[in-house]
Amino acid sequence: MHGLVIKNTGSRYTVCIDGGRCFDCKIKGAFRIKGIRTTNPVAIGDRVTVEVPANEADTAYITAIAPRRNYMIRRASNLSKESHILAANIDLALLVATIDFPATTLTFIDRFLATAEAYAIPALLVFNKIDRYDADARRTLDEYVALYTAIGYDCLPISALTGEGVEALAERLHGRITLLSGHSGTGKSTLINRLLPHADLRTQEISEYHRTGVHTTTFSEMLPLSDGSGYLIDTPGIKGFGTIEMQGPEVAHYFPEIFRASADCRFNNCTHTGEPGCAVRREMECGNIPSSRYRSYLNILQDADGNKYREAY
């Protein structure tokens, strides 16, 4: 039988078989996809083959995974040389970010966007909690939206609590399988409850002292949109976004504005780290490439050495 993985609790997977029936499954055998060492060889959104026992009270097993058209992956924080697949076969990668309560760094945003670019997945930046922002936070929000809109990314300020901007977001999700990701505390569960009232996810206040989030989602799950046209993939909050599978020369390809400028570099193999005639550095010094983006590019170049990965990214 063939089906779709809609839930992953770590050791077990819920697979919905074509036709509507769902089974609680385990993995049979050792999975190694494309030679990638992953902490979760089977991911939400995978199409899989399931071996169902004659006695349905017994355990069903996943025996094979169909080729993936794409996936979002990050470096596992507990084992820096391994990776963790957030989701597979998705149409949109949505990052829920916040200017404050808690703060999402530009480095974190850039790493998420670069990974989406690497696997040709359209990305959407949703800036949540605008109802809580003071004048300074509002100015920062405007700067972030201007920065990423100029590059070509879709940005949407919202308040999941009050509903402001959520209707416009719902229109972007129609007919798509969308991955939701972000730090703990950015309001992903509140947003999902606003978009999908039937989900009824548990939410929790952030620490006002530390302004950091508390994990409320402990496993990944695909949730059907209310109109049945697609899915939202809810994932646990993450502290860091370490990149993986990116080789030095290709990193510039995942920063659209850097890639465009690199066409004018003197050397075809320019790394943009100090070579003469580097158009990227020239554009950065002129202010045409944001310095924050250039710093994020340099940080990702360092990721080839797993020891350089730091959770704060």
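The values are calculated or read from the model by the stated rules, or taken from the named source; none is laboratory data. As the structure is a computational prediction, the values presented were derived from the model and not from experiment. Quick reminder, even Gly has a Cβ in these numbers, built from the backbone with ideal geometry, and neighbours come from all protein chains shown. Heavy atoms of the whole protein, side chains included, go into the accessibility calculation; ligands, DNA and RNA do not. Shrake-Rupley method; radii C 1.70, N 1.55, O 1.52, S 1.80 Å.
With respect to (1) open to solvent by 60 Å² or more (accessible area, probe 1.4 Å); (2) at pLDDT 90 or above; (3) part of a helix (DSSP H, G or I), the lone exception for N307 is condition (2). The residues of the range 272-282 that are open to solvent by 60 Å² or more (accessible area, probe 1.4 Å) and either touching an Asp or Glu at 6+ places or on another chain (Cβ under 9 Å) or under 25 Å from Y148 (Cβ atoms) (or both), listed by number, are T273, R281, R282.
Within the range 128-175, count every residue that is part of a helix (DSSP H, G or I), aliphatic (A, V, I, L, M) and either touching a Leu at 6+ places or on another chain (Cβ under 8 Å) or open to solvent by 30 Å² or more (accessible area, probe 1.4 Å) (or both).
First pass over the range 128-175, keeping only residues part of a helix (DSSP H, G or I): 130-132, 135-151, 166-173.
If we keep only those that are aliphatic (A, V, I, L, M) too, we end up with 130, 135, 137, 141, 145-147, 150-151, 166, 168-170, 173.
If we keep only those that are either touching a Leu at 6+ places or on another chain (Cβ under 8 Å) or open to solvent by 30 Å² or more (accessible area, probe 1.4 Å) (or both) too, we end up with 130, 135, 145-147, 150, 166, 168-170, 173.
Residues flagged as part of a helix (DSSP H, G or I), aliphatic (A, V, I, L, M) and either touching a Leu at 6+ places or on another chain (Cβ under 8 Å) or open to solvent by 30 Å² or more (accessible area, probe 1.4 Å) (or both) within the range 128-175 amount to 11.
The number of residues in the range 24-55 that are open to solvent by 20 Å² or more (accessible area, probe 1.4 Å) and modelled with pLDDT of 90 or more comes to 5.
Restricting the first member to the range 256-271 and to residues that are part of a loop (DSSP other than H, G, I, E, B), and the second to residues that are open to solvent by less than 90 Å² (accessible area, probe 1.4 Å) and among the hydrophobic types (A, V, I, L, M, F, W, C), the beta-carbon pairs closer than 7 Å and six or more apart or on different chains are D264/A279; C265/C278; C265/A279; C265/V280; C270/C278. Cβ-Cβ distances below 8 Å connect the following pairs, each with a first residue in the range 1-16 that is more than 9 Å from R47 (Cα to Cα) and of a type in the set (K, R), a second residue that is open to solvent by 20 Å² or more (accessible area, probe 1.4 Å) and not in a strand (DSSP E or B), and a separation of six or more residues or different chains: K7/F219.
In the range 195-212, the condition of being at pLDDT 85 or above and within 19 Å of A93 (Cβ to Cβ) is met by at least one residue.
Mind listing just one residue for me: the one in the range 83-105 that is within 16 Å of L156 (Cα to Cα) and touching a Ser or Thr at 6+ places or on another chain (Cβ under 6 Å) and, of those, surrounded by the fewest Cβ atoms within 10 Å (Cβ to Cβ)? Going through the qualifying residues, I end up with L92. If you go through the range 92-101 one residue at a time, do you hit one that is among the hydrophobic types (A, V, I, L, M, F, W, C), modelled with pLDDT of 95 or more, assigned to a strand (DSSP E or B) and in contact with a Lys or Arg (Cβ under 7 Å, 6 or more places away or on another chain)? Among the residues of the range 92-101, at least one is among the hydrophobic types (A, V, I, L, M, F, W, C), modelled with pLDDT of 95 or more, assigned to a strand (DSSP E or B) and in contact with a Lys or Arg (Cβ under 7 Å, 6 or more places away or on another chain), which makes the answer yes. Scanning for something open to solvent by less than 10 Å² (accessible area, probe 1.4 Å), assigned to a strand (DSSP E or B) and at pLDDT 95 or above, does the range 107-124 turn up at least one residue? Yes, the conditions are met somewhere in the range 107-124.
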